[in-house]
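So the structure is just underneath, and the comments pick up after that.
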């Protein structure tokens with residue numbers, strides 16, 4: 001059995017409750033998903049989340065501003081298994097910019113229940129709604 005491919009993703013949440021999603025082409029066609037990507041060998045999931053957010057959107061977030069949302073383990077159409085480490089942030093610097101046009105058509109702010117959200121992002125948005133919004137004590141660092 002192959003080891004799981006580890007990735008980290010960030011749910012950026014604006015004051016009006018909308019989240020940053022990009023129309024991306026992961027494994028099953030163009031879908032709305034949160035910024036994120038692979039964890040490098042020398043990184044923690046938190047470090048990867050910060051790096052991937054910067055690489056994909058140009059937005060900077062501090063590790064201390066990340067909140068844990070959850071993990072998801074899943075397979076994909078490429079036959080591999082994945083473990084996603086999901087975080088949220090409500091504080092950042094910079095404006096989302098399309099940094100990787102071959103992977104994403106663009107970034108925009110969407111309501112959490114928008115149609116077209118991919119099958120891995122959707123449950124993490126639901127978890128965010130259930131837990132983070134009701135329990136602000138999930139900070140990684142105080």
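What follows is calculated from the coordinates using simple rules that are stated; it is not laboratory data. As the structure is a prediction and not an experimental result, all values here were calculated from the model. Glycine gets a Cβ as well: all are built from the backbone with ideal geometry, and neighbour counts include every protein chain shown.
Overview of values
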{"quantity": "Gain upon complete extension [residue 5, residue 91; 0.36 nm per residue less C-alpha separation]", "calculated": "28.1 nm"}
{"quantity": "Ordering of 73-83, 120-130, 14-24 by burial proxy (mean other Cβ atoms within 10 Å per residue, highest first)", "calculated": "120-130, 14-24, 73-83"}
{"quantity": "Peptides 34-40, 88-94 ordered by average Cβ neighbours within 10 Å, highest first", "calculated": "34-40, 88-94"}
{"quantity": "Residue 77-residue 16 pseudo-label distance in nm [points 7 Å out on the Cα-to-Cβ vector]", "calculated": "3.3 nm"}
{"quantity": "Evaluated at q = 0.09, 0.11, 0.16 Å⁻¹: base-10 log I(q)/I(0), Debye formula over Cα of the chain", "calculated": "-0.24, -0.36, -0.80"}
{"quantity": "At R0 = 25 Å, FRET efficiency that the Cβ-Cβ distance of residue 108 and residue 51 yields, to 0.05", "calculated": "0.70"}
